[in-house]
Amino acid sequence: MQYIKLNTNESPYPPSPGVLKAVQEEAGLLQLYSDPTCKVLSEKLSALYGVSPSQVIMTNGSDEALYFAFMAFADEERPLRFADITYGFYSVFADLLGIPYTAIPLKKDFSIDPTDYYSQDGRGQTVVIANPNAPTGICLSLAQIEDILLHNRGNVVIIDEAYVDFGGESAVSLIDRYENLLVTQTFSKSRSMAGARLGFAIGNEDLISDLHTLRYSTNPYNVNRMTSAAGIAALAENEYYMGNCKKIMETRELVKCRLESMGFFVIPSKTNFLFISHPCIDGSSLYLRLKEKGVLVRHFDEERIRQYNRVTIGTPKQMETFLETTKKIMEGTP
Ligand code: PMP
């Protein structure tokens, strides 16, 4: 069966023509190692984000940036603090690295209370917040992020902005004012490059320099030649990607309305996915019924969110199929 894949938050839109061309051209040079400093890509990226190249590190997906950051900035004296419902890799990385952590319950409405992340009596900790959060899609404001930074003066605060291009406010604008801030982002979602593995972190020079030290000691060629070339080309065609984000946001709002008219509860989202539940069908049944009918969404078998499914926003055509299939399931028609 040809599934409609709405389960891993990939972009439904292909890479831009310049990216395809750059990858093809670079393939002819694969006998040579990639540039371990990622010079051109870091320069182009820092220019676009209004920071200096020394405030940027390019990584193999943003997962690698997060992993390096946990390794560099968290330990027994600086345990991790993140939400109970958030990106699953935070606890996986923490467990792998032997870093203690506290999972802070989200509020009843699944939002984050910034005061939960204040350092108690100035004690050491490392805060990690996905903003917007996954799988909820809920976003903190820049003022709330600043509040957390101010109450963690001696601690690193990592803001994971994997989904920020779909309507969130980026904390990159705060980098020069808060030396404890590290922002991670990815080319996987808004720039259609999940398969190329390209992410980055932006922060003050000292934080970034620590991450480079770890990178040089583990995998100096972490960004391969084709990915680097693809990244440079993608930045040159940024308008195409931001246009896709706009389309995805428009589709998201239309799908949200249609789901609500079917009786679904839909959390307002600033991402390329919706987190939905319905009082008349449990989360895993909807997931399984959709799968039977060729539509893959993501169900989490976890206590607080068992009733929900996370649905990636695809093309309008894919979403029409998803909505029609869901309608049939809800109406009990075959
Ligand atoms: N953070 C969040 C919140 C994510 O959902 C993901 C993607 N699954 C990532 C980081 C990592 O993405 P990537 O390694 O593809 O950049």
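The values are calculated or read from the model by the stated rules, or taken from the named source; none is laboratory data. Only a predicted model underlies this, so the values are computations on that prediction, with no experimental measurement involved. Here the Cβ is made from the backbone with ideal geometry for all residues, glycine too, and neighbour counts use every protein chain on show. Protein only, heavy atoms only, side chains kept; ligands, DNA and RNA dropped before computing areas. Shrake-Rupley method; radii C 1.70, N 1.55, O 1.52, S 1.80 Å.
Listed values, structure above:
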{"quantity": "Dipole in debye (nearest 20) - region 136-184, about Cα centre, beta carbon charges: Lys, Arg +1; Asp, Glu -1", "calculated": "140"}
{"quantity": "Sulfur and carbon atoms: percent of accessible area, region 17-236 [1.4 Å]", "calculated": "53"}
{"quantity": "Region 260-334: GluC sites (Glu not before Pro) falling in loop per DSSP and having at most 14 other Cβ within 10 Å", "calculated": "E302"}
{"quantity": "Net charge over other residues, Cβ less than 15 angstrom from the Cβ of I138 (K, R count +1; D, E count -1)", "calculated": "0"}
{"quantity": "Cross-link partners of K107 among lysines (Cα-Cα below 26 Å; sequence separation of 8 or more within a chain)", "calculated": "K256, K270"}
{"quantity": "Separation in nanometres of the label points that stand 7 Å from Cα toward Cβ, at D282 and D35", "calculated": "5.5"}
{"quantity": "Value of relative contact order over the chain, rounded to a whole percent, pairs C-alpha under 8 Å and six or more apart", "calculated": "25"}
{"quantity": "Cross-link pairs beyond the 25 Å C-alpha cut-off, checked among K108/K247; K291/K327; K246/K293", "calculated": "K108/K247; K246/K293"}
{"quantity": "Sites excluded, chymotrypsin sites (Phe, Trp or Tyr not before Pro) in DSSP loops with at most 12 other C-beta within 10 Å, longest stretch of the chain", "calculated": "34-334"}
{"quantity": "Whole-Å distance, taken between Cα centres, linking region 240-276 and region 205-229", "calculated": "35"}
{"quantity": "In region 127-229, the trypsin sites (Lys or Arg not before Pro) that fall in loop regions by DSSP, at most 13 other Cβ within 10 Å", "calculated": "R153, R177"}
{"quantity": "Relative contact order [Cα under 8 Å, 6+ residues apart], region 195-334, whole percent", "calculated": "18"}
{"quantity": "Region 92-213 - accessible surface per residue (Å², probe 1.4 Å)", "calculated": "37"}
{"quantity": "Sites matching trypsin sites (Lys or Arg not before Pro) across region 60-123 that sit in DSSP coil, with at most 15 neighbouring C-beta atoms within 10 Å", "calculated": "K107, K108, R123"}
